[in-house]
Structure formats: C-alpha cells, structure tokens
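Chemist: Please read through the structure below; I'll follow up with questions.
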Amino acid sequence: MNKTVKKILKGVGLLFGVVAIIVGYFLYKFSSETGKMTPVPTGQISEHGYAIKDEFANMYLIKDSLGYIAIDAGKDIKVIESEMQKLNINPDEVIAVLLTHSDMDHVAGIPLFKNAKLYMARNEVKMLNGEKQKIPGYNNSISRADYILLDDQQNLEIGKHKIHCILTEGHTSGSMCYQVNEKNLFTGDILSLHDGKLGHSVKFFDLDHDMTTKSISKITNLPNVEVILTSHWGISKDYKNTVKDWKE
Ligand SMILES: [Zn+2]
C-alpha cells in the first residue's frame, strides 16, 4: 500500500470516528433528556379535553360540537391511532390541527387527520424551508403543504372555541402558544414544569435557548388563564401559582 492510500484511509477512519462520537453524544443526550420528561397518560383531562400520550410527548384533543380540535399530532402515527381508539375517538372527526411547532415529535400523526385543516405560525415556515435549522443540513418537514399560517396575537374561531395565538419563538422560529377559551394555555415546548412551577425549556432541543427564555415572559401575565398544558411536562391547573416566581 503506498503512502497516499494509507493517508486517505487514515483520514476516512478519523472522519468516521468523529461522526460516530457526535452521533453517539446526540443519542445519549436525546435519551437522557427525554427520559426526564413527565407527560400525562392518555385520558380525559377535563369536560371537553383529552390528552394522548406518545412515549415522552403529549398531544391534546378538544371536543367541539363540530368535531375535535387537536393541539399537535404526536410522534408516532401508529401510537396516536391506537391511543385514540382507547378513547373511542375517530381520527376522521378531527376538524383542525393546531401545531405548536413542526418538530418531528409533534407532526407524525398529521396523515391520520384527513378531514382537518392544519394551522401553524407563519414564522415556522423557516423551519421547513431550511432558512432555520437546529441540526445543520436537516430541515423539519410535515406531510402536507396546505397549511394555514397564523400570526402573533391572531384570534381564531373554530366551532364554539375561541383561540388566541401567541408567538413565542426560540424553541423553533415559529413556536406558537394557543390560548383556548381564555382559560387553557397550550405551550408546546417553550417551557417545562417541575413541582408545579414553571421551568426553562430544554436547551439541547432549542433553536435559540435565550430567545425561548425571553418568550416565556409573554405568557406569564395572562389574566384569565387557569390551566397550562405542555407537550412534555404535564399539566398545571394552577396557572397563577405556577408562573408566580418565574424569573428569566
Ligand atoms: Zn417536542
């Protein structure tokens, strides 16, 4: 073997080694961070509300006279389908899906909801077209292109439900919180809950952790909110007490 071939093989070996270390670190961090998460089990959580658990993530359903409004769409389509079966809810009855953001653990079940309109923040398009990326070379993707784009402070009415959109960028470029009928606040991944208190988002999963932290302040002073519903850290039914001691 001549010297040039040896050098090339050495270089390739080194490159593989570095890639293996990066991938290994990513997998280790991913499983250790998701392992700490505390989603609620699948079940009814209020008169018109249901949680669906998909490993370390929750999606939610709100019952309306026209059908169901989904907040996010889960991480595994088969799990979402079977968990909905347990609740006797037919995915065809879902009339709207409101995405808090487009990370893969929030969008996998979208093809199940064939009759639903799909909503997300206008800023989230940057995560799909590659203008913003969490991992270099990797874009978020969703299975449909006919989404309806929402802006900060926009109000929507779906059936009898009034939805107020609050743009809370940072975790992704277009992370959106949804305040439903004033009292329920769906926060996606912008914060965590620990012992009934508000905590930071998980830095490892954020596009811009400092911006996420700043965004949290947009939802800590909402007069009529009673319940906080997160995507990975469960639910707090005592909003005032939960946000009371929040400091950036
Ligand atoms: Zn998530």
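The values are calculated or read from the model by the stated rules, or taken from the named source; none is laboratory data. Given the structure is predicted, the values throughout are model-derived calculations rather than measurements. Every residue, glycine as well, gets a Cβ built from its backbone with ideal geometry; the counts of neighbours run over all protein chains shown.
Chemist: Only residues that are in a strand (DSSP E or B) and surrounded by fewer than 15 Cβ atoms within 10 Å (Cβ to Cβ): list them for region 177-196, please.
Modeler: His194 - this is the single residue of region 177-196 that is in a strand (DSSP E or B) and surrounded by fewer than 15 Cβ atoms within 10 Å (Cβ to Cβ).
Chemist: I would also like to ask the following. Has region 147-154 got at least one residue that is more than 18 Å from Tyr50 (Cα to Cα), within 15 Å of the ligand (Cβ to nearest atom) and not in a strand (DSSP E or B)?
Modeler: Scanning region 147-154 turns up no residue that is more than 18 Å from Tyr50 (Cα to Cα), within 15 Å of the ligand (Cβ to nearest atom) and not in a strand (DSSP E or B).
Chemist: Quick check on my filter: what residues within region 56-75 are in a loop (DSSP other than H, G, I, E, B), touching a strand residue (DSSP E or B) at 6+ places or on another chain (Cβ under 7 Å) and surrounded by fewer than 24 Cβ atoms within 10 Å (Cβ to Cβ)? Before you say what the answer is, go through the steps one by one.
Modeler: Filtering region 56-75 for residues in a loop (DSSP other than H, G, I, E, B) gives 56, 65-66, 72-75.
Keeping just the survivors that are touching a strand residue (DSSP E or B) at 6+ places or on another chain (Cβ under 7 Å) gives 66, 72-75.
Passing the criteria: Leu66, Lys75.
Chemist: So Lys134 passes all but one of these: (1) surrounded by 13 or more Cβ atoms within 10 Å (Cβ to Cβ); (2) away from the ligand (no atom under 16 Å from the Cβ); (3) not acidic (Asp, Glu). Which condition number does it fail?
Modeler: (2)
Chemist: Among the residues that make up region 80-88, is at least one of them within 16 Å of the ligand (Cβ to nearest atom) and part of a helix (DSSP H, G or I)? Spell out the reasoning first.
Modeler: Initial filter on region 80-88 (within 16 Å of the ligand (Cβ to nearest atom)): 80.
Those still in the list that are part of a helix (DSSP H, G or I) too: 80.
Yes, that holds for at least one residue.
Chemist: A follow-up question, please. Which of (1) over 16 Å from Leu207 (Cβ atoms); (2) of a type outside the set (Phe, Trp, Tyr); (3) surrounded by fewer than 20 Cβ atoms within 10 Å (Cβ to Cβ) does Val125 not meet, given it meets every other one?
Modeler: Failed condition: (1).
Chemist: OK, next. Cβ-Cβ under 7 Å, sequence separation 6+ or interchain: first residue in region 47-64 and touching a residue at least 40 places away in the same chain (Cβ under 8 Å), partner more than 16 Å from the ligand (Cβ to nearest atom) and of a type in the set (Gly, Ala, Ser). Which pairs?
Modeler: Short answer, once both residue conditions are applied: Ala51/Gly43; Tyr60/Gly49; Ile62/Gly49; Asp64/Gly159.
Chemist: Pick from Lys203, Lys214: which is within 16 Å of the ligand (Cβ to nearest atom), surrounded by fewer than 16 Cβ atoms within 10 Å (Cβ to Cβ) and under 19 Å from the mean Cα position of the chain (by Cα)?
Modeler: Going through Lys203, Lys214 in turn, just one is within 16 Å of the ligand (Cβ to nearest atom), surrounded by fewer than 16 Cβ atoms within 10 Å (Cβ to Cβ) and under 19 Å from the mean Cα position of the chain (by Cα): Lys203.
Chemist: Same structure again: All but one of (1) among the acidic types (Asp, Glu); (2) modelled with pLDDT of 95 or more; (3) within 30 Å of Tyr28 (Cα to Cα) hold for Asp152; state the number of the condition that does not hold.
Modeler: Failed condition: (3).
Chemist: Given the residues Lys53, Lys29, which is the only one that is surrounded by fewer than 21 Cβ atoms within 10 Å (Cβ to Cβ), basic (Lys, Arg), in a helix (DSSP H, G or I) and at negative phi?
Modeler: Answer to the check: Lys29.
Chemist: Moving on to the next point. What are the residues in region 219-239 that are surrounded by fewer than 16 Cβ atoms within 10 Å (Cβ to Cβ) and either without any contact (Cβ under 8 Å) to a residue 12 or more places away in the chain or within 25 Å of Asn140 (Cβ to Cβ) (or both), if any?
Modeler: Of everything in region 219-239, those that are surrounded by fewer than 16 Cβ atoms within 10 Å (Cβ to Cβ) and either without any contact (Cβ under 8 Å) to a residue 12 or more places away in the chain or within 25 Å of Asn140 (Cβ to Cβ) (or both) turn out to be Pro223, Lys237.
Chemist: I'd like to check something: does region 155-173 contain any residue that is under 19 Å from Asn58 (Cα atoms) and in contact with a Phe, Trp or Tyr (Cβ under 8 Å, 6 or more places away or on another chain)?
Modeler: The answer is yes; a qualifying residue exists.
Chemist: Scan region 89-103 residue by residue and report those that are away from the ligand (no atom under 16 Å from the Cβ), in contact (Cβ under 8 Å) with a residue 24 or more places away in the chain and not in a loop (DSSP other than H, G, I, E, B).
Modeler: Result: Glu93, Val94, Ile95, Ala96.
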